[in-house]
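First the structure, in the form of structure tokens, and then the observations on it.
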Amino acid sequence: MLAGVAAALVVVIVLVVALVRRGDGPVTAVAQDRPGPVLLIPGYGGSTDSLQSLATRLRAAGRDAQIVALPGGGTGDLAAQATALGVAAAAALARTGAGSVDLIGYSAGGVVARIWVREKGGAALTRRVVTLGSPHHGTRLAGLAGSLLPSECPEACQQLIPDSDLLRKLNSGDETPAGPEWVSIWSTVDEVVTPPDSARLDGAVDLTVQGICPSSQVQHGQLPTDPVVQGIVLSELDAGPVTSLSTSDCSRLGS
């Protein structure tokens with residue numbers, strides 16, 4: 001019974017925050033020097049396996065890190081996934097007493113993070129958003145699947161087609177709304193997010209792996225487990241400001 005009451009309270013918190021955020025007033029910037037729990041959001045298909053290594057490294061660095069379970073096997077409506085993220089964030093804040101969360105969105109998980117921040121009250125509760133190889137402007141791979149094999153391209157796949165209704169709305173106006181600080185990390189040799197620079201996010205600190213380690217051949221599926229990428233993530237989630245990195249940081253980040 002107590003568990004049911006706690007779950008109901010979490011849902012109430014999410015709804016109240018969303019209603020407050022939908023007002024026209026400005027969002028107060030989240031305190032950047034007080035890192036809270038980290039939520040890792042899986043990519044398309046919802047598999048948590050690729051994020052386990054990154055979550056473990058975050059915990060070893062002293063961070064509270066949890067992987068979000070997505071509804072519908074991670075292939076359903078991205079907006080519904082963002083609602084689930086909101087529930088997970090409210091639960092993490094209630095559990096830890098922190099004032100904000102940090103988000104790591106891998107692949108489509110970065111789009112989910114953006115939806116929650118922009119449309120569902122997350123801006124006032126998020127300190128940092130870090131996306132890893134996220135198709136912020138869609139991927140031609142989804143477009144190809146939608147054209148040739150529509151039965152194999154469920155709702156989330158359809159929403160990741162370039163210029164889909166969801167992406168057009170999400171990218172209208174400010175791509176990085178006030179509240180959190182934003183970082184986009186991606187690989188120039190990504191063969192899933194096509195073209196790879198679909199991962200660029202206006203207003204974010206934009207980091208390519210090859211801009212830091214020029215010889216890197218890290219592919220889309222390797223982004224969450226690559227030691228350099230993990231080093232970049234930890235660097236951008238610390239208590240200091242988000243920062244651009246360069247080739248002089250490659251050795252340090254990979255160690």
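Quick one: is LEU40 open to solvent by less than 40 Å² (accessible area, probe 1.4 Å), over 21 Å from PRO180 (Cα atoms) and modelled with pLDDT of 95 or more? No. Scanning region 40-89 for residues that are touching a helix residue (DSSP H, G or I) at 6+ places or on another chain (Cβ under 9 Å), of a type outside the set (Gly, Ala, Ser), part of a helix (DSSP H, G or I) and more than 21 Å from ALA142 (Cα to Cα) gives LEU51, LEU54, ARG57, LEU58, THR83, LEU85, VAL87.
Of all residues in region 208-221, those satisfying the criterion of being within 16 Å of SER107 (Cβ to Cβ) and in contact with a helix residue (DSSP H, G or I) (Cβ under 7 Å, 6 or more places away or on another chain) are VAL209, VAL218, GLY221. Count of region 147-169 residues, restricted to those that are open to solvent by 40 Å² or more (accessible area, probe 1.4 Å), over 18 Å from PRO42 (Cβ atoms), assigned to a helix (DSSP H, G or I) and in contact (Cβ under 8 Å) with a residue 24 or more places away in the chain, is 0.
LEU78 meets all of the listed conditions (1) open to solvent by less than 50 Å² (accessible area, probe 1.4 Å); (2) closer than 21 Å to SER100 by Cβ but one, namely (2). Among the conditions (1) farther than 26 Å from SER100 by Cβ; (2) part of a loop (DSSP other than H, G, I, E, B), PRO224 misses just one, which is (1). ASP206 meets the conditions (1) in contact with a Lys or Arg (Cβ under 9 Å, 6 or more places away or on another chain); (2) within 23 Å of ARG59 (Cβ to Cβ) in every case but one. The failed one is (2).
Within region 212-239, the set of residues being within 17 Å of PRO35 (Cβ to Cβ), free of Cβ contacts under 8 Å to residues at least 40 places away in the same chain and surrounded by fewer than 17 Cβ atoms within 10 Å (Cβ to Cβ) is empty. Within region 90-110, does at least one residue satisfy the condition of being in contact with a Leu (Cβ under 8 Å, 6 or more places away or on another chain), open to solvent by 20 Å² or more (accessible area, probe 1.4 Å), part of a loop (DSSP other than H, G, I, E, B) and of a type in the set (Gly, Ala, Ser)? Scanning region 90-110 turns up at least one residue that is in contact with a Leu (Cβ under 8 Å, 6 or more places away or on another chain), open to solvent by 20 Å² or more (accessible area, probe 1.4 Å), part of a loop (DSSP other than H, G, I, E, B) and of a type in the set (Gly, Ala, Ser).
The values are calculated or read from the model by the stated rules, or taken from the named source; none is laboratory data. Note that the coordinates shown come from a computational prediction; the quantities given were computed from them, not determined experimentally. Positions of Cβ are generated from backbone atoms using ideal geometry, with glycine treated the same way; all protein chains shown enter the neighbour counts. Side chains included, ligands, DNA and RNA excluded: accessible areas come from the protein's heavy atoms. Shrake-Rupley method; radii C 1.70, N 1.55, O 1.52, S 1.80 Å.
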